[in-house]
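Each remark here refers to the structure printed beneath this line.
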Amino acid sequence: MKTVEHRLESPCYVVSRAAMRMLVCLLALCPLLSVFAQPNVLLIMADDLRDFGGAFTKEVVKTPNLDRLRARGTTFERAYVQYPVCNPSRSSMMTGLRAEQTGIVGNDMPLRQKMPDIITLPQLCKDAGWQSQAFGKLFHLGGGKNVEAKQRWMDTGRSWHTAQAFEVTKTGRKLLEGRNVTGGALKWCQWGAADGTDDDQPDGQIAATTVAMIEKLGDTPWFIGCGFMKPHDPFIAPKKYFDLYAADSLKIWNDPADMTSVRKDSVGFGDYGTAFAKFTEQEWRELFRAYCAGTSFMDAQLGRVLDALDNGKLWDKTLVIFVGDHGYHTGERQWWNKNTLFERSCRAPLIIAGPGMKGGQTTRSLVEFVDLYPTVADFCGLKMPHTAAGTTLRPVLVDPAASIKDAAFTLVTRGDKLHGQSIRTARWRLTRWSDGETELYDHDTDPEELHDVSAHHADILAELTARIQKLPSFTSKP
Ligand SMILES: [Ca+2]
């Protein structure tokens, strides 16, 4: 007892108690002060995962682990990619620059070919002392079977200390059910309930290796990229995930008869449009079920990674970012894909959790994927190595009602002669094609963008066109 009294009276204790009070006050004022000077960064990406929000599909797909992550962090309901295709979107996100600035607008251009000296997001942390490791698809996985080319696409050695890609096993390749719904015309339009376990598929292996690396690195600060391949085509997952969805249980989208038709460059173009126009209701249903199965499969792998954070007690020292690389139409405007300037393609999932952050928050603030780079730099206490196109999301993570910008922008190209740019504000989406054609949708009354109202709002058209014209200059020509 005497010892305790002595300790209570010791000047040293008094000082530390005052210091503790000050720290508590500081933390109260700045709830997201980085508790750790070097927080871990876990960047989890899903491929072609639409934001399931909205009246049509909100309650359909089973994603208990995404729900679990939502309970720990902030869900962004209005997060927009800068180009709704894998490589351009990922290149934009990983450099913090718009697609207009990177010039990467297709899946055939490795980042380093266009931007040899750019400091990527994982590289920023790697160069500052973080262990940087990638599993699966973070940058676009080009290169096919050529191992060296694949390593170049993954940016091994520059962005990551090591990067690994994974293949389906012989067992996982065996399909217990499934078919190509185009009769083989579009090779990728294949769905399949696969034999084997989760780890016979790349996403299972990606989860397993991510977990092993988290356990191995321990207290060393790390930046781990965990890049799941699903629900991207081919729409294959272990059979048990198909069994979550009874074959005829899912409602499918039907475009209303009075929907405004739009130019082919906007949606419905090429061989894809021709194939989708022939789909029967049964085929739409089969693909949608397979997409939901792939999403639940990816979600289960996410759960394994979240378990590793639980087990290692890492939530209070890890910034966790879950993103999709762009959205996806599952039948809207008779389109089964991305690469359009509609909300379904431009909006993508984004959830962020981290030290000191409140859980279970949802925000309607407009944000862009170029905001992720400055956000990570901010939380890691690192200086942006180049001028960011975006801005840190910290204010929204502190207060979901906060606003950091009043518009989000997305680009697509159609060959080297035409491109479209789209601006999304809290109320409107204006898409403007480089030949001057426009589409305007009013989200206050039309969240699925069914009716083009550009003929009735000349003032909005002029105002938003002027905003698009202020973007960094872009020409479709290479
Ligand atoms: Ca993708």
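Restricting to region 65-105, and then to whatever is more than 14 Å from the ligand (Cβ to nearest atom) and touching an Asp or Glu at 6+ places or on another chain (Cβ under 7 Å), can you tell me which residue is nearest to G360 (Cα to Cα)? Here the answer is L66. Pairing residues of region 93-114 that are without any contact (Cβ under 8 Å) to a residue 60 or more places away in the chain and within 16 Å of S159 (Cβ to Cβ) with residues that are of a type in the set (K, R) and part of a loop (DSSP other than H, G, I, E, B), at Cβ distances under 8 Å and at least 6 apart in sequence or on separate chains, gives R112/R158. For region 439-478, the candidate set comprises residues that are within 26 Å of G106 (Cα to Cα) and small (G, A, S); within that set, the residue that is surrounded by the most Cβ atoms within 10 Å (Cβ to Cβ) is S476.
Hey, any hits in region 128-137 for a residue that's within 30 Å of S473 (Cα to Cα) and not β-branched (V, I, T)?
Looking through region 128-137, at least one residue is within 30 Å of S473 (Cα to Cα) and not β-branched (V, I, T).
On the stretch given as region 209-258, residues that are away from the ligand (no atom under 16 Å from the Cβ), closer than 27 Å to T162 by Cα and among the acidic types (D, E) total 2. Per this entry, D219 is counted among residues that are surrounded by fewer than 19 Cβ atoms within 10 Å (Cβ to Cβ), over 24 Å from F52 (Cα atoms), more than 25 Å from the chain's Cα centre (by Cα) and at pLDDT below 95. When region 58-82 is limited to residues that are basic (K, R) and not in a helix (DSSP H, G or I), the one that is nearest to G103 (Cα to Cα) turns out to be R78. Taken over region 122-166, the residue count meeting the criterion of being within 20 Å of the chain's Cα centre (by Cα) and small (G, A, S) is 7.
Looking at S34, S16, just one residue is assigned to a loop (DSSP other than H, G, I, E, B), modelled with pLDDT under 50 and among the hydroxyl-bearing types (S, T, Y), and that residue is S34.
Being more than 30 Å from A353 (Cβ to Cβ) and either under 26 Å from the mean Cα position of the chain (by Cα) or of a type outside the set (F, W, Y) (or both) is the requirement here; does A458 meet it? Give the derivation first.
Values: more than 30 Å from A353 (Cβ to Cβ): yes; either under 26 Å from the mean Cα position of the chain (by Cα) or of a type outside the set (F, W, Y) (or both): yes.
Answer is yes for this residue.
The requirement of being touching a residue at least 12 places away in the same chain (Cβ under 8 Å) and closer than 17 Å to G172 by Cα is fulfilled somewhere in region 270-291, by at least one residue. Look at (1) crowded, with 19+ Cβ neighbours inside 10 Å; (2) free of Cβ contacts under 8 Å to residues at least 12 places away in the same chain and you find that G227 fails only one, number (2).
Restricting D307, D325 to residues that are at pLDDT 95 or above and more than 16 Å from the ligand (Cβ to nearest atom) narrows the list to D307. Filtering region 101-124 to residues that are touching a strand residue (DSSP E or B) at 6+ places or on another chain (Cβ under 6 Å) and not in a loop (DSSP other than H, G, I, E, B) leaves only P122.
Within region 257-301, the set of residues being part of a helix (DSSP H, G or I), farther than 28 Å from T63 by Cβ and in contact with a Leu (Cβ under 6 Å, 6 or more places away or on another chain) comprises just one member, A275.
The values are calculated or read from the model by the stated rules, or taken from the named source; none is laboratory data. Everything numeric here is computed off the predicted structure, so don't read it as measured data. Every residue, glycine among them, receives a Cβ derived from its backbone with ideal geometry; neighbour counts consider all protein chains shown.
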